[in-house]
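A.B. asks: Dropping a structure here in structure tokens format, bear with me for questions.
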Amino acid sequence: MYRAIVLLIWTMGTFAHYVRDNSSGKMGRFPEDFLFGVATSAYQTEGGWDADGKGLSMWDHFVRHNPDAIADRSNGDVAAKSYELYKRDVEMLTDLGVGSYRFSISWPRILPYGTSDYVNPMGVAYYNSLIDELLANGITPFVTMYHWDLPQALSERGGWLNAEVVDWFGNYSRVLYENFGDRVKFWLTINEPYIHCKVGYGIGEHAPGVRSPGQGFYDCGRNILMANARAYRAYDEFRGSQGGQVGLPFSLNWPEPASDSKDDLDAVSCYFAFHLGQYADPIFTERGNYPDILLERVETASLKQGYTKSRLRRLTEEEADYIKGTSDFFALNHYNIDIVYRNESLQGMFEVPSVDDDGYFGYYTKNSISKSENRTLELWEYSPGFYKVLNYINEKYNEPVIYVMENGKNTPKGLQDHAKIEYLRNYLTAMLGAIKSGVNIKGYFAWSLMDGFEWHMGYTMNFGLYEIDMTDASRTRVPRTSAFVYKEIIRSGMVDYDYNPDPYEINKSSASTALRDITI
């Protein structure tokens, strides 16, 4: 591990120069069969929070009982109105020219009470309509089963801290296979285990607002691993007739050490183990269990704190065998670089017990928008991290097929989102470099198709290729400059740094805001 980290650090500068020298498309084109897409999630965009028999989700409950937990005291009751405007969303996808769309199914819209005793026919009808509309337009659906909106009825029974969630999720997955599996060939089970467990059940910033950083965080992760395995194993009954694939979406930024000191490099090793290895190692490694460094650090801290055993229970041999191999591809969500360190400044910083104290490393993310005029050079410090993450996964997990399921940037309101364009171009160029180096990347999904509810940040962030004025009842979608740039990348199969459209002029001269009406 130590040697691999040093090697990847060394590539940082050399790759940055390589990318910069190839910033006019000289790096080549993406493979002909490469899949470009965009992504959204149900609670962030659908709205219709109580429409047509939908049950209460834990986010519906959370925003009502904890309005101050949201930056602008908003909620996802209406969001982008995709429950009503899904046909317009598909028009936007067609306009962009994407070949795929990642969206999530709202668990309480399908199973209002959480369990499979009652299936809501109107919820099934909505997703049937969306899936059929996508396929009619030549767009492949990538469907996330769970993107953090657990039915409130199950949250009240402990949610992801209750081991029964493995059965609940397994039964839910069967309902999805039975109703949509004839047309859906790519399933994503549970979005971002680390973030969901850390923010929802560790520090309590997200629904359900549980604060249990030293125990709940680990129990949540263990149950997610088992629930993912249950859904994967359940698909065995359908695999032959439906011919689809099932994957678990992981999150990972690139951990760049603050220095080349042993402490900082050891901190990076811990970062990998706690953020990714905790979930990916049991699935993708031959050993099929938690990383040793994770087990050792949590057990050592637990015993020191007076516990009689580790707060992180080792997987039994039976559990490890059940979990091993339960993802047909490696689904990655990646956004930026974290600068990682371990020094005396950490003393007294972390709650005890907690996952942060167990790992005992600090990290921060540098501001990716330079205050100088030359913002592009600042961003070059970031995109090589994407290249290195992809190569790390390729080497660590035996060259899996990789789909990048989320990657994007928040920018200020307005159609001229130059920072997002720079980010998009640089990260796609870095990814193309990884493909050229032999990493088997099959697809890329930009986050996000349109602005939406960004969890505890509400509507204060703007990741969308399409801008939405959330104060406008019609929720009109208007393409930003980045939408035109991404469309051109998809059309040409290459990154052209010289293509600089003006969305105001294009939208003014267009009869509608749809990209299909605009010649690029």
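The values are calculated or read from the model by the stated rules, or taken from the named source; none is laboratory data. Keep in mind that what you see is a predicted model, and the values were worked out from it rather than measured. Cβ coordinates were reconstructed from backbone atoms using ideal geometry, including for glycine residues, and neighbour counts include every protein chain displayed. Side chains included, ligands, DNA and RNA excluded: accessible areas come from the protein's heavy atoms. Shrake-Rupley method; radii C 1.70, N 1.55, O 1.52, S 1.80 Å.
A.B. asks: Given the rule -39500 (n - 2.57) for each run of at least 4 DSSP H residues, summed and divided by the residues of the chain, what is its mean residue ellipticity at 222 nm, to the nearest 500 deg cm²/dmol?
C.D. replies: On the way: 20 runs with 214 residues, N = 520.
-12500 deg cm²/dmol, from helical runs alone.
A.B. asks: For the chain, take N as its residue count and report Rg(C-alpha) divided by 2.2 N^0.38 Å.
C.D. replies: 0.93
A.B. asks: F34 accessible area, nearest 10 Å², 1.4 Å probe?
C.D. replies: 20
A.B. asks: In whole Å, largest first, what are the principal axis extents of the Cα atoms in the range 230-342?
C.D. replies: Extents along the principal axes, in whole Å: 53, 38, 19.
A.B. asks: Right, here's the next one. Among S259, W148, N162, whose Cα projects farthest towards the positive end of the dipole of the chain, with charges put on the beta-carbon of Lys, Arg (+1) and Asp, Glu (-1)?
C.D. replies: So the residue furthest toward the plus end is S259.
A.B. asks: Rolling a 1.4 Å sphere over the protein heavy atoms, what is the accessible area per residue of the range 129-255, to the nearest Å²?
C.D. replies: Working: 3500 Å² over 127 residues.
Normalised by residue count, the accessible surface of the range 129-255 is 28 Å².
A.B. asks: Something else about it: Just need the relative contact order of the range 221-314 here, percent rounded to a whole number, with Cα pairs under 8 Å and 6+ apart.
C.D. replies: 17 percent.
A.B. asks: Here is a further query. With the crude spin-label approximation of a point 7 Å out along Cα→Cβ, what separation in nm comes out for A163 versus E84?
C.D. replies: In this crude spin-label approximation the distance works out to 4.6 nm.
A.B. asks: State the extension gain, in nm to one decimal, for the chain segment bounded by K304 and N66, taking 0.36 nm per residue of separation less the distance between their alpha-carbons.
C.D. replies: That works out to 82.1 nm of additional length.
A.B. asks: Still on this structure: Sticking with the crude label model, points 7 Å out along Cα→Cβ, report the distance from Y360 to D182 in nm, one decimal please.
C.D. replies: In this crude spin-label approximation the distance works out to 5.8 nm.
A.B. asks: Enumerate the whole-percent occupancy of each 10 Å bin, from 0 to the last occupied one, for all C-alpha pair distances of the range 124-213.
C.D. replies: The calculated distribution, bin by bin, is 15, 42, 27, 15, 1.
A.B. asks: Just subtract the alpha-carbon distance of S129 and D472 from 0.36 nm times their residue separation and send over the number in nm, one decimal. Mind showing how you got there, number by number?
C.D. replies: Details: separation 343, 0.36 × 343 = 123.48 nm, distance 2.55 nm.
Result: 120.9 nm gained on full extension.
A.B. asks: Calculate, in nm to one decimal, what K436 and K413 gain on full extension: separation in residues at 0.36 nm each, minus their alpha carbon distance. Intermediate values should be presented prior to the final figure.
C.D. replies: Details: separation 23, 0.36 × 23 = 8.28 nm, distance 3.53 nm.
Full extension of this stretch gives 4.8 nm more.
A.B. asks: Something else: Among H206, A273, I293, whose Cα lies farthest out toward the positive end of the dipole of the range 202-311, if unit charges sit on the beta carbon of Lys, Arg (+1) and Asp, Glu (-1)?
C.D. replies: Highest projection toward the positive end goes to H206.
A.B. asks: Quick test of the membrane-span-like rule: which DSSP H helices of the chain reach at least 24 Å along their long axis (C-alpha atoms) with mean Kyte hydropathy at least -0.5?
C.D. replies: Values: long enough: 2-21 (30 Å, 0.61); 216-234 (26 Å, -0.25); 418-436 (27 Å, 0.08).
Taking the DSSP H segments of the chain (at least 24 Å long, mean hydropathy at least -0.5), we get 2-21, 216-234, 418-436.
A.B. asks: Turning to a different aspect of this structure: Just to be sure I understand the model, the point goes 7 Å from the Cα along the line to the Cβ. What's the resulting D52 to D260 distance in nm?
C.D. replies: Label at D52, label at D260, 6.0 nm between them.
A.B. asks: In whole percent, and with a 1.4 Å probe on the protein chains, what portion of the accessible area of the chain is carbon and sulfur? Don't jump to the answer; show the numbers that get you there.
C.D. replies: Details: 9550 of 19480 Å².
Within the chain, the accessible surface is 49 percent carbon and sulfur.
A.B. asks: Let me ask something else. By DSSP, what percent of the beta bridges with both residues in the chain are antiparallel, rounded to the nearest 5?
C.D. replies: Working: 8 of 43 bridges.
Just about 20 percent of them are antiparallel.
A.B. asks: With a ≥ b ≥ c the root eigenvalues of the C-alpha gyration tensor of the range 294-341, is it rounded (a/c under 1.5), prolate (a/b larger than b/c) or oblate?
C.D. replies: Working: a/c = 4.58, a/b = 1.22, b/c = 3.76.
Oblate is the answer for the range 294-341, as a/c is 1.5 or above yet b/c matches or exceeds a/b.
A.B. asks: Let me ask you something else. Taking the Cα centre of the chain as origin and charging only Cβ (+1 Lys, Arg; -1 Asp, Glu), how large is the dipole, in debye to the nearest 20? Mind dumping the intermediate values first?
C.D. replies: Working: 50 positive and 68 negative charges, 88 e Å.
Dipole of the chain, to the nearest 20 debye: 420 debye.
A.B. asks: Given contacts defined as C-alpha pairs under 8 Å and at least six residues apart, what's the relative contact order of the range 90-230, whole-number percent? Please report the intermediate quantities before stating the final value.
C.D. replies: Details: 201 pairs, mean separation 34.7, N = 141.
Once divided by the residue count of the range 90-230, the mean separation gives 25 percent.
A.B. asks: Please compute the contact order of the chain in relative form: average sequence separation of alpha-carbon pairs under 8 Å and at least six residues apart, divided by the residue count, as a percent. Write down the numbers at each step before the final one.
C.D. replies: Working: 1014 pairs, mean separation 96.1, N = 520.
In percent, rounded to a whole number, it is 18.
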